[in-house]
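What follows is one structure encoded as structure tokens, with my remarks underneath.
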Amino acid sequence: MLAKTARTGFNINKASAKVAVEAGSRPVEQLTQALESTSELSGFAKILGYAKLVPDITIHHEDIRRAVGLAPHEVPVERMKFSLTTLRKDTGPLKAKKRGQGLRFVATDLDWSEGDGPEVRGPALSLLLAMGGRPAGLDECEGDGVAVLRAR
């Protein structure tokens, strides 16, 4: 991925789009098998650190599962809590910290909540997607904060 990013002038969005097009050309069966895999992280995980990759990979994993018609991924509770907490603080390309500023997020399927302000309630995975800017996540949430988050 680092080499692909370098070939796009270090534009992570262009590199990600190129990787997505390449992955999208693979048969659905291959993508499904890859998503069911539990292989360990390497490469970028060693460079950027595991913490920021966990929510990012969880979001991308779910993006692909939904695109190919698979049921939502069942993320282990501790990983989901870690992802939610980590993403709430993230100032990177997903802009989750800025997007969620002044809002309270409450998971309805596990013991996790964070923030102050109008509430965004829903399943933890939906909250993670919503914080990451995915409209599908917002569609599965409720509360006075949903309209605020959608506008951002």
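Quick note: the coordinates plus some simple rules give every number you see, no bench work behind them. Everything quoted here is computed from the prediction, not taken from an experiment. Please note: Cβ atoms are built from the backbone with ideal geometry, for glycine as well, and neighbour counts cover all protein chains shown.
Here are the numbers for this structure:
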item	result
Interchain or long-range residues, amide H under 5 Å from Val120's placed H	Arg104, Phe105, Val106, Gly145
Rounded to whole Hz, the Karplus (6.51, -1.76, 1.60) HN-Hα couplings of the range 114-123, x for glycine and proline	6, x, 10, x, x, 8, 10, 10, x, x
Reachable aspartates and glutamates, given that their alpha-carbon falls under 13 Å from the alpha-carbon of Lys52 and they are not under 8 places away in the same chain	Asp90
Cα extents of the range 68-152 along the three principal axes, largest first (Å)	31, 26, 24
Net charge of Cβ neighbours under 12 Å - reference Lys18; Lys, Arg +1; Asp, Glu -1	+2
Full-extension gain in nm, Ala136 to Leu110, via 0.36 nm per residue minus C-alpha separation	7.4 nm
Sorted peptide list for 120-129, 135-144, criterion being average Cβ within 10 angstrom, highest first	120-129, 135-144
Candidate lysines - alpha carbon under 18 Å from Lys4, same-chain residues fewer than 8 apart omitted	Lys14, Lys18, Lys46
